[in-house]
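The block underneath contains the structure these notes are about, expressed in structure tokens.
Coordinate-derived values only; no laboratory data. Here the structure is a predicted model, which means the values were calculated and not measured. Neighbour counts run over all protein chains shown; Cβ positions are idealised from the backbone, glycine included.
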Amino acid sequence: MAASPPTLQSSFGGPVQGARRMPSEAPQERRGASEFDVAVVGGGLVGVATAWGLAREGCRVVVLDEGDRAVRASRGNFALVWVQSKGLGLAPYAGWTIRSSNAWEGFAQTLKEETGLDVCFQRPGGFHLSLSERELEARANSLKRLHNQPGIVDYKTEIMDHAQVARMLPDIGLEVVGGSYCPLDGHVNSLRLFRTLHTAIKARGVTYLPSHRVENITREGGEFRLTTAHREIRANRVALAAGNANMHLAPMVGLECPMRPERGQIVVTERLRPFLRHPVVTLRQTDEGTVMIGDSKEERTDPAGLTLGVSATEAERAVRMFPVLGSANVVRTWSAIRVMTQDGFPIYDESESHPGAFTVCCHSGVTLAANHALTIAPMIARGALDKSLVAPFSARRFHVQEAG
Amino acid sequence: MFKRLADAGAVVALTVDGKPVQARSCDTVAAALLAAGIDRCRTTPVTGAPRLPYCLMGVCFDCLVTIDGVGSRQACLVPVHEGMTVETQQGRREAGR
Amino acid sequence: MNAVDLAPSYDLVVIGGGPAGLAAASLAARAGVTTVLFDENPGVGGQIYRGITSTPVINRSILGEDYWAGEALANEAKASGALIVNGATVWSLDPERIVGVSIAGKARMIEARRVIIATGSQERPFPIPGWTLPGVMTAGAAQTVLKAQGLLPDGRTVMAGTGPLMWLLAAQILRAGGRLEAILDTTPRRNLLRAAPHLPDFMLSPYFAKGLALLREVKAKVPVRRVASVAAAGDGKLSEVVSDRGRMPADLLLLHQGVVPNVNLALAAGATHEWNERQLCFQPVLDQDFSSSVPGIAVAGDGAGIAGGTAAAERGRLAAIAAVRALRPEARLPDPQSVRQRLQREEMGRAFLDWLNRPADSFRQPEGETLVCRCEEVTAAQVRATADMGCEGPNQMKAFLRCGMGPCQGRLCGLTVTELIATQRKSTPAAVGYYRLRPPVKPITLAELASLPISEAERKAVER
């Protein structure tokens, strides 16, 4: 397991056991009549990671969430903390991802100290496996294009042949012609992360309001008013972390967040003894022993439905990759709607017309959780995004592209 | 825990964890295990707690055993056959069996 | 019958070979509809007529005449021309009526013009301390092995719970020469108040006289104690049953507090369900022909709401009549009105039984370290604390605690989790809802899933 650099550890400070709040100067000064310093819209991984980070900065935070049957990407995600492939088309995304990957170990450690819950972060290096020469060639080409981009951080992704892969993943099938390996790739128990963050925000005094779907946001008298079916919530700032719903919410505060949701399906097996040391982008063994198989993409947005043929394809490829899995029982399948921005890259923005309104939106809510908690949240607490870090992720990029 | 009411049905020979067990032709694997007086058919993959069948109607999955080399089969749904090998299951199943 | 031998499509697929399924398949096949019945057990009969074609219990007085009534149904189905496939597990049903079925480890997808789900009921979860110990099982489980294999409880046996099945099983065990140390009756006394207004109806039902006779028969031979708490204790296996009336050594504890519909398949098919406050369970929303909210899919038998075996057969007939009318309007059919009348008679008195045997809150909503989810070993305290944290429903609960994620797919924790959340959040089970279920509703192997037909678009959704 790769250790995160010590400098990042120090940025955490000591976790304060039992502290309801960690007051810091800045938000205190600006504390107005509003009940809350920040209203975070969205109780998924992005929302609760941001809320936790804000609470650590001493903010009075409310998280507004939907109910049990909400379309939740956080319940359907694949739990990778993943680096390889990230950044093709937007070079700074690679550096942003690596920053989070490096911060993850300290992030997990702090959460454990605060909640006693272990999210089982591991960074053993991960694979992308190919089942034909054509697939492997396409893989190599895409990595080449990625690394030829100007300004890219060079993260070591290595193309391996069957024998090289087999040395690290002894159970691969004969049909695996090779793959790519990146030592920075890892994974986590994402459902436990979801629970841990909820436990942590509760311990830090964050107000969590389920079944408070936000219908409208206005800014009046220097504060934001968020309309829900239950009551109006007032806050000095608002952070939109509502996934695909950001598309409708962002324009209410002078922001934009173009999305194109898609559906992904996951197949889950019964618990097995450990057999897979490294996560594969389409297949991983959880710390509990179940094997998750996934990574389908469909242009559908019905979260309740399931395309059985897609599950079958995932299963067929999984058995070709790891024949030993053929006799494993499938105990669950999932379909969930991916949070996906128009170009697939994160959107972090602050509103010019509605000062104090921010967007925190991305597909990789697990990988980037450390950044959202430790980097984005402090920026929102300070009241301004640090352009040197997140300027490339403004939604303004969509207009630049259109103009070009 | 259970005894046979009537000695009806032909005797079917199984092995359970390598030991011979006499079942009857009308038995499911779960019934044969209960009649043989075994004290567990699996231990759980979570805490290793011992379990015996709870519902015997395909609902509870506590009767999961390895039958003829295939793991995690519901013993209450599978009829016995001559020469069947049954193994109790310890914790998580091993991939490939 | 192997999976490959099945036709690609049938007019009618009946799922479950209990009374509802057998009656439905017989009626439809005799009306000239190509019918297949899939049943996952080694023989037909469902739970109520378990082992009806093969039981070694030849002394007919042991299981009683109500059991042997199943013989006629099984024979009728066999003679009807319906294809009956045992050892066939249906693990998927979608709104387009594509049925996923596995036989001997091979999976097939079968098209159906009509589907009748007749998957019946299961025993209500009975989450008491120690209910996962070897030596603790359901009364239904003991009855299953008595019927199908002639196994009789041996050693110190205690029964605990409420409801007609418990008394019936006690009588069957006694008639077979078995012995019971005690019956711990968990029925709350005040239930009688709510049941009383329905007593006149019940007195007119065939179950009145039978029920009284059964109680007399059992109480003459077994000490019955009214209890407010029950726990199983022991190290690695049951050694004692502990109640508020004391402790008693025991080798076998049989639990029962009624039955509830098996909802997994109907839910996965997308059928709308509702909470039944009297029976404390979810059930599909159905019309008078037992058609669900999904076109072409009906739910008959106890899966439609608990009414017992004889009613199940009549419900199966009504669902089949509707299916045949749609598929083959020219077919000659029995008069549905007379079937409805018989059904009405059977259902009479159900309200009395339901209110009388309604399990107490404390036996449905456990506390502390008592396991709620047997598969993932999640405790009541965890579920309650997580609800307090703001978790409003079972799907979020599943994500937080993994309850319902094990192989039983929530069958033995779903109702408990829903009710615990409702209590903690001062809501109602109807508002809290149930687990979202998706295929496979019974586990299949990855190889079976991999063997299913895949379209080009479906392949492209994964291969990149």
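Below are the figures for this structure:
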| read-out | value |
| --- | --- |
| Contour excess over end-to-end distance, with Cα ends at C:Met248 and C:Ser362 and 0.36 nm allotted per residue | 38.9 nm |
| Peptide C:33-40, shielding by other chains (average Cβ, 10 Å cutoff) | 1 |
| Average other protein chain Cβ within 10 Å of Cβ, residues C:432-443 | 5 |
| Percentage relative contact order, chain A, counting C-alpha pairs under 8 Å, at least six apart | 23 |
| Label zone at A:Arg397, where the point sits 7 Å out along the Cα-to-Cβ direction: the stretch A:236-276 residues whose backbone N lies under 14 Å | A:257-259 |
| Computed [θ] at 222 nm, deg cm²/dmol, chain C (DSSP H ≥ 4; -39,500 (n - 2.57); rounded to nearest 500) | -10000 deg cm²/dmol |
| The stretch A:163-176 - phi-based ³J(HN,Hα) in whole Hz, Karplus 6.51/-1.76/1.60, Gly and Pro as x | 5, 5, 5, 4, 5, 9, 10, x, 8, 5, x, 5, 6, 6 |
| Protection-proxy order for peptides C:313-323, A:291-301, C:251-261, each taking the mean of Cβ atoms within 10 Å per residue, highest first | C:313-323, C:251-261, A:291-301 |
| Cβ crowding within 10 Å averaged over residues, with A:60-68, B:35-43, A:143-151 ranked highest first | A:60-68, B:35-43, A:143-151 |
| Other protein chain Cβ atoms within 10 Å, averaged over every residue that makes up B:74-82 | 3 |
| For the stretch B:76-86, 3J(HN,Hα) per residue [Karplus equation, 6.51 cos²θ - 1.76 cosθ + 1.60, θ = phi - 60°, Hz, x = Gly/Pro] | 6, 9, 9, x, 6, 9, 4, x, 5, 10, 10 |
| Two-decimal log10 I(q)/I(0) for chain C, as the Debye equation yields it once each C-alpha is a single scatterer, q = 0.11 Å⁻¹ | -0.92 |
| Where Cα atoms sit under 18 Å apart: lysine pairs in chain A separated by 8 or more or lying on different chains | 5 |
| C:Ala385-A:Arg382 pseudo-label distance in nm [points 7 Å out on the Cα-to-Cβ vector] | 3.7 |
| Förster radius 35 Å - calculated FRET efficiency between A:Arg300 and C:Glu277, Cβ distance, rounded to 0.05 | 0.45 |
| Number of Lys pairs (Cα under 19 Å; 8 or more positions apart or on different chains) in chain C | 4 |
| Translational D in µm²/s for the stretch C:261-402 (Stokes-Einstein at 10 °C, 1.306 mPa s, Kirkwood Rh from C-alpha pairs) | 90 |
| Volume per residue that the Cα convex hull of the stretch B:11-90 spans, once the total is divided by residue count, Å³ | 77 |
| C:Arg175 versus A:Asp171: modelled label distance in nm, points set 7 Å from Cα along the beta carbon direction | 5.1 |
| Expected 222 nm ellipticity per residue - DSSP helices of 4 or more, -39500 (n - 2.57), all of chain A, to 500 | -8500 deg cm²/dmol |
| Integer Hz, Karplus 6.51/-1.76/1.60 couplings in order for the stretch B:44-60, x for Gly and Pro | 6, x, 8, 10, x, 5, x, 9, 10, x, 10, 10, 6, 9, x, 9, 8 |
| Label-point separation in nm, C:Ala72 to B:Val70, each point 7 Å along Cα→Cβ | 3.9 |
| Rg ratio (alpha-carbon, reference 2.2 N^0.38 Å) - the stretch C:379-464 | 1.41 |
| C:Glu96-B:Arg97 FRET efficiency (beta carbon distance; Förster radius 30 Å; 0.05 resolution) | 0.25 |
| Largest-first ellipsoid semi-axes for the stretch C:124-200, taking √(5λ) over the Cα gyration tensor eigenvalues, angstrom | 25, 16, 11 |
| The stretch B:11-90, dipole about Cα centre (Lys/Arg Cβ +1, Asp/Glu Cβ -1), debye to the nearest 20 | 140 |
| For the protein assembly as shown, alpha-carbon Rg relative to the globular expectation (2.2 N^0.38 Å, N residues) | 0.99 |
